Amino acid sequence: MGGRAAASCHIASSLAQAGPETSMVRDMQSNQAQSPPSPHPARILIKLSGEALAGEGAFGLDPPTVARIARDLGAVHGAGSEVAVVVGGGNFFRGLEGADKGIERARADSIGMLATVMNALAMEGALEEIGQPARVLSAVAMPSLCQPYSRQAALAHLVKRRVIMLAGGTGNPFFTTDTGAALRACELSCDAVMKATQVDGVYSADPKKDAKATRYERISHDEAIARNLQVMDTAAFALARDNGIPIVVFSVNEPGAIPAALLGKGRATYVMA
């Protein structure tokens, strides 16, 4: 077994270590054992929060943090995975917050989409600086800055061993970048969604507001939806569930956090069927 088949099986094994083996993990491992090897590595979609790019600050970009995250992404890619990244824009502007302040919701969400493009361009530059080829593709067409998103273009860049930064959310208002991440993961046949955020997993409540909040080691998509857990929205959980895609939620605040989470190391919550 080699290439993408072996890498996908390794992801399944890593996720299985988070708790008792589920039927989905058994099916993944069984399918990999029965299928002929594929020449392609595992394909991972990483959902990167905009706030993570601000470092210790509350707004904008922190260059050392952006560089550190770029090194993490490069390490995952260098280990053999194909890497797609959906980045949020909360370090610049959040559509919901803008709407709360009186901006029309559709317009506020459009401003938020532009914020994701700024972050994607920053990450593209940081990746290129360390010698890792990268491309930004935006769901909101702005060809003077980056390539418009299409599934065919994204897959072509992945095959050419480029990290792709997927900006602009879904290109439509009223959808979060989490939903955009789940949608792109389904479109691109990704093996897992890695949600790199400010907290080290999924909690019963916001740990920043509730000292009694407890962290889940492992939970199903359906349980996350039923308990209305806010780390991702319902549409994102449902899309991942319906397409058999596991989600790993972890903190990106430490160097090496992304490669470690992919290997099933460190603190994280595994959302699996």
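The values are calculated or read from the model by the stated rules, or taken from the named source; none is laboratory data. These figures come from a predicted structure and were not determined experimentally. Virtual Cβ from ideal backbone geometry, glycine too; neighbours counted across all protein chains shown.
State yes or no: is Arg227 among the basic types (Lys, Arg) and surrounded by fewer than 15 Cβ atoms within 10 Å (Cβ to Cβ)?
The answer is yes for Arg227.
Residue under question is Lys160, and the condition is that it be modelled with pLDDT under 95, surrounded by fewer than 14 Cβ atoms within 10 Å (Cβ to Cβ) and of a type in the set (Lys, Arg); does it hold?
no
For the range 200-222, state whether one or more residues are of a type in the set (Ser, Thr, Tyr), surrounded by fewer than 16 Cβ atoms within 10 Å (Cβ to Cβ) and out of contact with any Pro (no Cβ under 6 Å at 6 or more places or on another chain).
Within the range 200-222, one or more residues are of a type in the set (Ser, Thr, Tyr), surrounded by fewer than 16 Cβ atoms within 10 Å (Cβ to Cβ) and out of contact with any Pro (no Cβ under 6 Å at 6 or more places or on another chain).
Take the conditions surrounded by fewer than 23 Cβ atoms within 10 Å (Cβ to Cβ), modelled with pLDDT of 95 or more and under 16 Å from the mean Cα position of the chain (by Cα) and apply them to Leu73. Does it pass?
Against the criterion (surrounded by fewer than 23 Cβ atoms within 10 Å (Cβ to Cβ), modelled with pLDDT of 95 or more and under 16 Å from the mean Cα position of the chain (by Cα)), Leu73 does not qualify.
May I ask you to list the residues in the range 51-69 that are surrounded by 22 or more Cβ atoms within 10 Å (Cβ to Cβ) and either within 18 Å of Phe93 (Cβ to Cβ) or in contact with a helix residue (DSSP H, G or I) (Cβ under 6 Å, 6 or more places away or on another chain) (or both)?
Residues satisfying the conditions are Ala52, Leu53.
So which residues in the range 126-159 are in a loop (DSSP other than H, G, I, E, B) and over 15 Å from Glu82 (Cα atoms)? Explain how you work it out, then say what you get.
First, pick out the residues of the range 126-159 that are in a loop (DSSP other than H, G, I, E, B): 130-133, 139-146, 149-150.
Ile130, Gly131, Ala139, Val140, Ala141, Met142, Pro143, Ser144, Leu145, Cys146, Tyr149, Ser150 - these are the residues of the range 126-159 that are in a loop (DSSP other than H, G, I, E, B) and over 15 Å from Glu82 (Cα atoms).
Going by the structure shown, is Ala235 of a type in the set (A, V, I, L, M) and under 20 Å from Thr176 (Cα atoms)? Please lay out each step first, then the result.
Working: of a type in the set (A, V, I, L, M): yes; under 20 Å from Thr176 (Cα atoms): yes.
Spelling it out, Ala235 is indeed of a type in the set (A, V, I, L, M) and under 20 Å from Thr176 (Cα atoms).
Just to be sure, is Phe93 crowded, with 20+ Cβ neighbours inside 10 Å, at pLDDT below 95, of a type in the set (Phe, Trp, Tyr) and not in a helix (DSSP H, G or I)?
So Phe93 fits the description; yes.
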